[in-house]
1. Restricting to segment A:87-103, count the residues that are open to solvent by 30 Å² or more (accessible area, probe 1.4 Å) and facing chain B (nearest Cβ under 7 Å).
2. Are any residues in segment B:206-234 in contact with a Gly (Cβ under 9 Å, 6 or more places away or on another chain), touching a residue at least 60 places away in the same chain (Cβ under 8 Å) and open to solvent by 10 Å² or more (accessible area, probe 1.4 Å), and if so, which ones?
3. Restricting attention to segment B:3-22, report how many residues are touching a helix residue (DSSP H, G or I) at 6+ places or on another chain (Cβ under 9 Å) and more than 14 Å from chain A (Cβ to nearest Cβ).
4. Scanning for something within 15 Å of ligand 1 (Cβ to nearest atom) and free of Cβ contacts under 8 Å to residues at least 40 places away in the same chain, does segment B:177-195 turn up at least one residue?
5. Going by the conditions given, is A:ASN155 more than 14 Å from chain B (Cβ to nearest Cβ), modelled with pLDDT under 90 and within 25 Å of A:ALA41 (Cβ to Cβ)?
6. Could you check segment B:212-230 and list, in sequence order, the residues that are among the β-branched types (Val, Ile, Thr) and more than 8 Å from every other protein chain (Cβ to nearest Cβ)?
7. Check whether at least one residue in segment B:128-143 is modelled with pLDDT of 95 or more and either open to solvent by 80 Å² or more (accessible area, probe 1.4 Å) or more than 16 Å from ligand 3 (Cβ to nearest atom) (or both), and report yes or no.
8. Taking B:GLY43 as the residue in question, decide whether it is of a type in the set (Gly, Ala, Ser), away from every other protein chain (no Cβ under 14 Å) and not in a loop (DSSP other than H, G, I, E, B).
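The values are calculated or read from the model by the stated rules, or taken from the named source; none is laboratory data. Just so we're clear, the structure is a prediction, and the values are computed from it rather than from any experiment. Note: ideal-geometry Cβ built from the backbone for every residue, glycine included; neighbour counts use all protein chains shown. For the accessible areas, the whole protein counts, side chains as well, though only heavy atoms, and no ligand, DNA or RNA atoms are used. Shrake-Rupley method; radii C 1.70, N 1.55, O 1.52, S 1.80 Å.
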Amino acid sequence: MNLFKSTVGRKILMAVTGLCLVGFISVHLLGNLSVFWGADAINAYAKHLHDLGPLVWVFRLIMLGLFAVHITFGIQLYLENRAATPDNYAVQKTLVTTFSAKTMVFTGLIVLAFLLYHLLHFTVQITNPEISARNLALVDGHLDVFTMVTKSFQNVFIALVYIIAMIALLLHLMHGISSWVQTLGWSTGSSQDKVTALGKIVAIVYGLAYIAIPLLLLARIVK
Amino acid sequence: MDLTLHVWRQKGPQDKGKLETYPAKNVSPDMSFLEMLDEINDGLIRQGKDPIAFDHDCREGICGMCSQVINGRPHGKQEQTTVCQLHMRQYSDGDEIFIEPWRAKAFPVQKDLIVDRTSLDVIMQAGGYVSCHTGGVPDANVHPIPKPVADYAMDAAECIGCGACIAACPNSSAMLFTSAKVAQLAALPQGKPEARKRVKAMTEALLDEGFGNCTNHYECEAACPKGISVKFIAKLNREYLKSLMPTSTEA
Ligand code: HEM
Ligand code: SF4
Ligand code: FES
């Protein structure tokens with residue numbers, strides 16, 4: 001049975017792709033936080049990304065591959081696990097598992113739905129053309145990403161979509177960010193409790209930082 | 001004490017089954033859980049009714065036959081204790097107790113609380129053994145095995161194959177059971193030659209038998225009457241990763 005069929009093999013592929021995605025959201029978060037440093041900072045960040053030229057497309061293809069593997073196996077494992085588990089007990093008590101562990105596939109799918117919206121919103125820029133960077137006046141010869149972002153998040157609907165999606169991401173990470181240590185065979189039993197606790201802290205930091213962007217802009221604490 | 005039992009009754013594999021309620025009167029706190037059921041069954045037999053079918057054998061916590069989910073927990077509420085070693089002093093007068101069979105697609109119910117656990121045997125047959133000739137009893141210390149390694153293997157060998165880990169798992173995965181076997185044998189010199197083949201064969205059998213995939217909920221460890229640690233699942237994952245590397249004896 002090869003890697004793509006084995007029960008452990010597919011978990012390992014999920015862990016490795018999940019970890020790469022964590023790497024991506026780390027870098028992405030650092031870039032996004034530049035909005036708090038004002039228009040020049042985030043516009044310069046956007047310009048740097050655009051200047052990468054064809055490299056951007058290489059990067060996008062890699063991301064597509066990572067998501068494809070992670071999502072395909074995520075859904076496949078979920079369906080298999082559901083098929084393996086019959087109708088529920090009349091009384092069932094779980095002792096140690098968490099809400100986030102039980103909802104991985106759902107929080108994942110919320111993140112996926114959000115991702116598609118996010119790309120249409122900020123990359124393709126077709127959901128709110130009136131505040132799209134490409135329809136705004138250039139500043140110093142480059143796109144005014146700052147105005148697009150601040151105007152977007154002053155819209156309650158858009159800000160709420162982002163906040164809800166980031167709560168889903170937070171929940172996904174609550175389990176995922178430490179789960180890979182076990183999946184890749186690095187935990188030793190006594191270590192896993194600490195790793196899990198640390199993972200939850202990291203997930204909360206990521207989640208709150210991501211939520212802060214739409215929230216502070218919506219509240220006009222940052223303009 | 002007087003209790004109310006809600007017991008899963010199912011005539012056979014095809015029957016739909018349902019919970020039936022039985023009063024349990026004058027239960028002594030010194031009885032084991034199975035002795036309490038024996039008394040209920042005596043009463044049912046006297047009334048000409050079909051007694052509750054349940055699995056048991058040793059009644060001393062080593063055979064792994066007893067298999068009941070009691071108030072939502074495999075083997076009941078006492079930690080690291082099989083149903084046969086659970087005593088009625090854990091309960092108090094007036095308690096309502098729900099008793100159900102292990103539930104997993106790979107464990108079809110045969111009758112009442114009895115499930116068919118052949119699927120665990122199939123996983124064992126796929127690689128839960130060493131196929132070298134062991135000969136007569138060797139001299140002591142012929143195989144130098146460090147104490148921590150021997151202890152580790154013994155901890156894994158504590159698994160009695162009861163299946164509570166599967167009954168507790170939200171995915172009905174048999175990973176804790178399988179990992180205990182894989183880890184025990186992979187730790188010892190006799191098991192090493194077949195370690196690569198074993199981990200692949202046993203995890204493949206696990207899926208073929210209709211168990212789910214492990215997603216690190218760790219409910220298995222919490223339910224296990226023998227305290228088998230999920231560190232053995234990490235060990236199984238390591239053994240699987242190792243099996244992906246080429247070796248010098250492979251072409
Ligand atoms: C930026 C986005 C995402 C990140 C950073 C991420 C990260 C992770 C990580 C680190 C894991 C742990 C792997 C392991 O258990 O070893 C994981 C598991 C999982 N992810 Fe994601 N993921 C993302 C998006 C998604 C999406 C879009 C789906 C859609 C279905 C998804 C579904 C799952 C599922 C089902 C699991 C398995 C849970 C388990 O094994 O307990 N993820 N993810
Ligand atoms: S690992 Fe524990 S719960 Fe699972 S079969 Fe072995 S003894 Fe029973
Ligand atoms: S009857 Fe043997 S372990 Fe319970």
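1. 8
2. Of everything in segment B:206-234, those that are in contact with a Gly (Cβ under 9 Å, 6 or more places away or on another chain), touching a residue at least 60 places away in the same chain (Cβ under 8 Å) and open to solvent by 10 Å² or more (accessible area, probe 1.4 Å) turn out to be B:LYS226, B:SER229.
3. 2
4. Step one: filter segment B:177-195 for residues within 15 Å of ligand 1 (Cβ to nearest atom), giving none.
Among the residues of segment B:177-195, not one is within 15 Å of ligand 1 (Cβ to nearest atom) and free of Cβ contacts under 8 Å to residues at least 40 places away in the same chain, which makes the answer no.
5. Values: more than 14 Å from chain B (Cβ to nearest Cβ): yes; modelled with pLDDT under 90: no; within 25 Å of A:ALA41 (Cβ to Cβ): yes.
Against the criterion (more than 14 Å from chain B (Cβ to nearest Cβ), modelled with pLDDT under 90 and within 25 Å of A:ALA41 (Cβ to Cβ)), A:ASN155 does not qualify.
6. Of everything in segment B:212-230, just one residue is among the β-branched types (Val, Ile, Thr) and more than 8 Å from every other protein chain (Cβ to nearest Cβ), namely B:ILE228.
7. Yes, some residue in segment B:128-143 is modelled with pLDDT of 95 or more and either open to solvent by 80 Å² or more (accessible area, probe 1.4 Å) or more than 16 Å from ligand 3 (Cβ to nearest atom) (or both).
8. Judged against the criteria, B:GLY43 is a match.
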